[in-house]
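The values are calculated or read from the model by the stated rules, or taken from the named source; none is laboratory data. All values reported here derive from a predicted model rather than from experimental measurement. Here the Cβ positions follow ideal geometry from the backbone for every residue, glycine too, while neighbour counts run over all protein chains shown.
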Amino acid sequence: MKGETQLVEKLLQTEINLLRSIRDGSALMQHMEDFYYVTLLETVRSRYQLVDDASQE
């Protein structure tokens, strides 16, 4: 019983950590190549700038 409880607690903690990494975005960074991530950030930044510029006009 004690071993099963420890195993379940370890699995639960692993799942919680996985969900946290998905929520905070670190899971995405861990599985993405650096160049792709930088390109994605630049694209998102430029689109936000376009929206911001359009809203100021």
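Looking across the range 20-42, just one residue is modelled with pLDDT of 90 or more and either not in a helix (DSSP H, G or I) or not acidic (Asp, Glu) (or both), and that is 20. Taking each residue of the range 1-21 that is surrounded by 10 or more Cβ atoms within 10 Å (Cβ to Cβ) and looking for partners that are assigned to a helix (DSSP H, G or I) with beta-carbon atoms closer than 8 Å, six or more apart or interchain, yields 18/27; 21/27; 21/30.
Contact map, the range 27-38: residues that are within 25 Å of residue 14 (Cα to Cα) paired with residues that are in a helix (DSSP H, G or I) and hydroxyl-bearing (Ser, Thr, Tyr), Cβ distance under 7 Å, separation 6+ or inter-chain. Pairs shown: 27/21; 29/37. I'd like to check something: does the range 41-57 contain any residue that is in contact with a helix residue (DSSP H, G or I) (Cβ under 6 Å, 6 or more places away or on another chain) and free of Cβ contacts under 8 Å to residues at least 24 places away in the same chain? Checked the range 41-57: no residue is in contact with a helix residue (DSSP H, G or I) (Cβ under 6 Å, 6 or more places away or on another chain) and free of Cβ contacts under 8 Å to residues at least 24 places away in the same chain.
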